[in-house]
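Some notes on the structure that comes next.
Please treat every number below as a calculation from the coordinates, not as lab data. Fair warning: this is a prediction, and the values are worked out from it, not measured in the lab.
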Amino acid sequence: MKNFFIVHALGNTGNDYWYPWLKNYIEKLGYKCYVPTLPGIEKMSYNTWEKEFAKVAKFLNKDSVVIGHSTGSIFLAHYLLKHKIYIDKFIGVVSFNEPNNSGQHEDWDEINKSFFVNNLNMLKNYACQRICFYSPTDIYDFKKLDDFANIVEAKKVIIQKAGHFTAITGYGEKFNEILNYIF
């Protein structure tokens, strides 16, 4: 049975940005959509997120669509690989698998390290379709976002001036472009 999972970015909750809007859209079409709020920055690591996500992960199946935003993307990739879960579609919004090293948010780089994986290329074996959204105006290094998409052999959806797909760049409440790719 097709269902959907949306995992938020570092420092966010399942009620931020475009997540509730997308959940509502999906559920109006008759599908179940899980949008858990995972532990905040002060308690954030792959292990703490894994433990909390396990409450909904039992519903993952071969027809599932997972949508991760920023750290949520690498978390989902890591989770699928670690637990050997096969799904229909992986959608990453600003996906990365290495520190940004921009000097802007060194604490974020340190937090994100526990999410990174050595076998990212294997994601193509667990997700039939892979799509990555990113922008040249993101706070994250564009090459690192592009590297992620290349490694997982994803369809690339590059949106000019979308930044980190947050409210600052017009993605506070809606993310219309994603609708063309979720089904």
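Separation of segment 20-35 from segment 71-85 is 21 Å, based on Cα centroids.
When shorter helices are ignored and each DSSP H run of at least 4 residues is given -39500 (n - 2.57), the per-residue value for the chain at 222 nm works out to -9000 deg cm²/dmol. Partners of K62 within straight-line reach, counting lysines whose Cα lies under 25 Å from its Cα and excluding those fewer than 8 residues away in the same chain: K2, K23, K28, K32, K51, K82, K84, K89, K124, K155, K156. With bins 10 Å wide beginning at 0, the percent of Cα pairs of segment 28-135 falling in each bin runs 14, 48, 31, 7, 0.
Just want to confirm a number: the relative contact order over the chain, from Cα pairs under 8 angstrom separated by 6+ residues, in percent. That works out to 21 percent. Listed values (1) 89, 33, 21; (2) 50, 34, 33; (3) 43, 33, 32 include one computed from this model; for Cα extents along the principal axes in Å that value carries the label (3).
Starting from the eigenvalues of the Cα gyration tensor, five times each then square-rooted, give me the equivalent ellipsoid semi-axes of segment 77-183, largest first, whole Å. Equivalent-ellipsoid dimensions as semi-axes: 22, 19, 11 Å.
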